[in-house]
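Peer 1: Take a look at the following structure, please.
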Amino acid sequence: MALNDVRAIADRLLAVTADLDDATARAGSGLPGWSRGHVITHIANFSEAMTRQVDEALQGRLVEVYDGGRPARDAQIEAGADRPAAELRSHLTQAVTTLLASWDKVGPTDWPLPILHRNSNLSAGLQATWRELTIHTTDLDLGITAATWSDDFCLHLLDFLRARTPDNTHLILKSPTLTWDNGTGEDITLEGTFTDLTAWYAGRPTPGPLTGPAPDLLPWP
């Protein structure tokens, strides 16, 4: 994964929301209980929060991801979700564009600098940006599905989500091109396209069918 991957998904996100109108913004997204306005507000707020993580890290400082923690984050999403589509588009465009500009400031020796997002570093923060923009672009349910996810992204996401595999389970995700496994215990094999298998593991709708017994997964790490 490179910054170019993040730029590419950011371009796709902004393109798919460029003509968003109020009715479309109010309609449901791929996330239960969230409208598209919720998803867009979350992406924009995340982008602003990650921009602050990057900018402060480059100055040798650590700051909280969201002032007020998770409760404040959730309240801000609810407060912003029902804004007019034009305001949602403007907020998203400015937030994502500013975040990309901050990532452009990171030099080759800066990537190990610590951030408080998941108590990680700038390298992991860029990966988090890749995940957030890619998954939530799909969650908008505006014609972009998990079928567009690259093999590199799927392998990254599966590795990040390894903690979702239930205890005492050896989970095998088998596609015509790639096979991924995790855990120890009873063998459970699911088959489908690699993107569908990854979407299922991420708790997202699968564009195509899966075959095999699907276990109940543990929460996101």
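Peer 1: Report, by residue number, each residue of the range 103-149 that is surrounded by fewer than 21 Cβ atoms within 10 Å (Cβ to Cβ), in contact (Cβ under 8 Å) with a residue 24 or more places away in the chain and among the small types (G, A, S).
Peer 2: A128, G143, A147
Peer 1: Quick one: count up the residues across the range 77-86 that are in contact with a Ser or Thr (Cβ under 7 Å, 6 or more places away or on another chain) and either part of a loop (DSSP other than H, G, I, E, B) or open to solvent by 60 Å² or more (accessible area, probe 1.4 Å) (or both).
Peer 2: Looking only at that region, the number is 1.
Residues checked against (1) polar (S, T, N, Q); (2) modelled with pLDDT under 95; (3) in a helix (DSSP H, G or I):
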position	(1), (2), (3)
N45	yes, no, yes
V54	no, no, yes
L62	no, no, no
A75	no, no, yes
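Peer 1: Now for a separate question. Could you grab me the full set of residues in the range 145-178 that are more than 20 Å from E191 (Cβ to Cβ) and aliphatic (A, V, I, L, M)?
Peer 2: Answer for the range 145-178, where residues must be more than 20 Å from E191 (Cβ to Cβ) and aliphatic (A, V, I, L, M): just A163.
Peer 1: Now, a different point. Are any of the residues in the range 55-66 over 30 Å from W200 (Cβ atoms) and touching a Ser or Thr at 6+ places or on another chain (Cβ under 7 Å)?
Peer 2: Taking the range 55-66 as the starting set, the residues that turn out to be over 30 Å from W200 (Cβ atoms) are 55-64.
Add one more test, that the residue is touching a Ser or Thr at 6+ places or on another chain (Cβ under 7 Å), and what stays is 55.
Scanning the range 55-66, I find at least one residue that is over 30 Å from W200 (Cβ atoms) and touching a Ser or Thr at 6+ places or on another chain (Cβ under 7 Å), so the answer is yes.
Peer 1: Kindly indicate whether T179 is open to solvent by 50 Å² or more (accessible area, probe 1.4 Å) and at pLDDT 95 or above. Lay out the reasoning, then the answer.
Peer 2: Numbers: open to solvent by 50 Å² or more (accessible area, probe 1.4 Å): yes; at pLDDT 95 or above: yes.
Yes; evaluated as a whole, the condition is true for this residue.
Peer 1: Continuing with this model, one more query. For the range 104-127, state whether one or more residues are aliphatic (A, V, I, L, M) and within 29 Å of K174 (Cα to Cα).
Peer 2: Yes.
Peer 1: Name every residue in the range 150-175 that is out of contact with any strand residue (DSSP E or B) (no Cβ under 9 Å at 6 or more places or on another chain) and either more than 17 Å from R131 (Cβ to Cβ) or surrounded by fewer than 13 Cβ atoms within 10 Å (Cβ to Cβ) (or both), in order of residue number.
Peer 2: Result: D152, A163, D167.
Peer 1: Of everything in the range 198-221 that's touching a Ser or Thr at 6+ places or on another chain (Cβ under 7 Å) and either more than 28 Å from R118 (Cα to Cα) or without any contact (Cβ under 8 Å) to a residue 40 or more places away in the chain (or both), which residue is most open to solvent (accessible area, probe 1.4 Å)?
Peer 2: Going through the qualifying residues, I end up with P207.
Peer 1: Let me ask something additional. If a residue has to be loosely packed, with under 15 Cβ neighbours inside 10 Å, touching a residue at least 24 places away in the same chain (Cβ under 8 Å) and in a loop (DSSP other than H, G, I, E, B) to count, how many in the range 2-37 make the cut?
Peer 2: 2
Peer 1: Follow-up. Can you tell which of T109, T137 is polar (S, T, N, Q), farther than 24 Å from T177 by Cα and touching a Leu at 6+ places or on another chain (Cβ under 6 Å)?
Peer 2: T137
The values are calculated or read from the model by the stated rules, or taken from the named source; none is laboratory data. The structure displayed is predicted, hence computed values, not measured ones. With ideal geometry, Cβ positions are generated from the backbone for all residues, glycine too; neighbour counts draw on all protein chains shown. When the accessible area is computed, the model is the full protein with side chains, heavy atoms only, and any ligands, DNA or RNA have been set aside. Shrake-Rupley method; radii C 1.70, N 1.55, O 1.52, S 1.80 Å.
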